[in-house]
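This report concerns only the one structure given below.
The values are calculated or read from the model by the stated rules, or taken from the named source; none is laboratory data. Since the model is a prediction, treat every value here as computed from it, not as a measurement. Here Cβ is always computed from backbone atoms with ideal geometry, including for glycine, and neighbour counts include all displayed protein chains. Only protein heavy atoms, including side chains, enter the accessible area calculation; ligands, DNA and RNA are left aside. Shrake-Rupley method; radii C 1.70, N 1.55, O 1.52, S 1.80 Å.
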Amino acid sequence: MTKAEIIEKIYTKIGFSKKESAEIVELVFDTIKDTLKVGEKIKISGFGNFVVRQKHSRIGRNPQTGESIEIIARRVLTFRPSQVLKSLLNNGEIVGPADEDDSEDS
Amino acid sequence: MTKSELVEILLSKAAHVSHRDMETIVNTIFDSMTNALSSGNRIELRGFGTFEVRVREPRQGRNPKSGQKVTLGIRKVPFFKAGKELKEKING
């Protein structure tokens, strides 16, 4: 699935023009990106949480040459799927223990 | 930021859209993503990232409380990989 299919759904559901639908979908993802950029997490109930995590610098190794290199401190984005999404992928079965960060309004 | 807070921010940026429509838009986006993933489809969002379903092999696990062995069957998990543009934005 691509953005085009999402835009198509908005077009049929809301009755916006194709252009308006594309703009609003773009706005939604841009707003999410801007929020994550400032380090704030995004919690979409029923879907999952997007969390920015701070990674400390560490010594890594080039697996090909064995050479040690410093991996600099950086921020990375992780997605934690909700229990609902995880169970949907497994025919509604609850799989694995609930993660403590899974609660959607905490 | 929760989904309802996201809707509020979007409304402040697109005043011509009604509250009800904006909620429908945001819900439609995530519902269609959920549907795509549960049908096993990959989602590619240019500038954002990709979502795909990965299969975890069955394994022996242990109940950490009782120490009892449990068999964890094959299961599917959603996996997200941030796109280059978003990665750089977050790290910038």
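Surface analysis of chain A yields an accessible area of 59 Å² per residue, using protein heavy atoms and a 1.4 Å probe.
Assuming a viscosity of 0.692 mPa s and a temperature of 37 °C, what translational diffusion coefficient in µm² per second does Stokes-Einstein assign to chain B, Rh being the Kirkwood radius over Cα pairs?
Details: Rh = 16.5 Å.
Result for D is 199 µm²/s.
List the accessible area buried at the contact between B and A, summed over both sides and calculated with a 1.4 Å probe, in Å² to the nearest 100. That pair of chains buries around 4200 Å² in total. Across peptide B:42-48, the average count of Cβ atoms from other chains found within 10 Å of a residue's Cβ is 5. In this model, which of A:LYS19/B:LYS81; A:LYS3/B:LYS81; A:LYS55/B:LYS84; A:LYS18/B:LYS89; A:LYS18/A:LYS41 are farther than 25 Å apart at the alpha-carbon? The answer is A:LYS19/B:LYS81; A:LYS18/B:LYS89; A:LYS18/A:LYS41.
Which whole-number percentage describes the relative contact order of chain A, with Cα contacts under 8 Å and a sequence gap of 6 or more?
On the way: 123 pairs, mean separation 21.0, N = 106.
Once normalised by length, the contact order is 20 percent.
Dividing the convex hull volume of the alpha carbon atoms of the protein assembly as shown by its residue count, what do you get in Å³ per residue? Each step should come with its number before you reach the end.
Values: hull volume 31.9 nm³, N = 198.
Dividing the Cα hull volume of the protein assembly as shown by its residues yields 161 Å³.
Phi angles of segment B:83-89 translate, via the Karplus equation with coefficients 6.51, -1.76, 1.60 and θ = phi - 60°, into HN-Hα couplings of x, 4, 4, 5, 4, 5, 4 Hz per residue; Gly and Pro are given as x.
Give the peptides A:46-59, A:74-87 in descending order of average Cβ contacts within 10 Å, highest first. Spell out each step's value before the answer.
Numbers: A:46-59: 15.1, A:74-87: 17.8.
Highest to lowest by the protection proxy: A:74-87, A:46-59.
Would you work out the charge dipole size for the protein assembly as shown about its Cα centre, treating the Cβ of every Lys and Arg as +1 and the Cβ of every Asp and Glu as -1, and quote it to the nearest 20 debye? Don't skip to the answer; put the middle values down first.
On the way: 34 positive and 27 negative charges, 176 e Å.
Magnitude of the dipole: close to 840 debye.
Helix-derived [θ] at 222 nm for chain A: sum -39500 (n - 2.57) over DSSP H runs of at least 4, divide by residue count, nearest 500? Don't skip to the answer; put the middle values down first.
Values: 3 runs with 38 residues, N = 106.
After summing the helix terms and dividing by residue count, I get -11500 deg cm²/dmol.
Using a 1.4 Å probe on the protein chains only, how many percent of the accessible area of segment B:3-91 belongs to carbon and sulfur? With neighbouring chains kept in place, the figure for segment B:3-91 is 47 percent. Largest first and in whole Å, the equivalent-ellipsoid semi-axes of chain A read 33, 22, 15, each the square root of five times a Cα gyration tensor eigenvalue. Helix A:18-37 axis versus longest C-alpha principal axis of chain A: approximately 30°, rounded to the nearest ten. Select from A:ASN62, B:SER18, A:ALA22 the residue farthest towards the positive end of the dipole of the protein assembly as shown; place +1 on Cβ of Lys and Arg, -1 on Cβ of Asp and Glu, and compute about the Cα centre. Sorting the options by dipole projection puts first A:ASN62. Mean per-residue shielding of peptide B:53-65 is 1, counting Cβ atoms of other chains within 10 Å of each Cβ.
Please work out the average accessible area per residue across segment B:3-91, using the 1.4 Å probe convention, and give it in Å².
Numbers: 5440 Å² over 89 residues.
For segment B:3-91, the solvent-accessible area averages 61 Å² per residue.
In chain B, helical runs assigned H by DSSP with n ≥ 4 each contribute -39500 (n - 2.57); averaged across all residues and rounded to the nearest 500, the mean residue ellipticity at 222 nm is -13500 deg cm²/dmol. The charge dipole of chain A, taken about its Cα centre with unit charges on the Cβ atoms of Lys, Arg (+1), Asp and Glu (-1) only, comes to about 340 debye.
Annotation for segment B:1-72 versus segment A:28-90: alpha-carbon center distance of 14 Å.
Here's the picture: charge each Lys and Arg Cβ at +1 and each Asp and Glu Cβ at -1 in chain A, and of A:ALA4, A:ASN90, A:ALA73 the one pushed furthest to the positive end of that dipole is A:ALA73.
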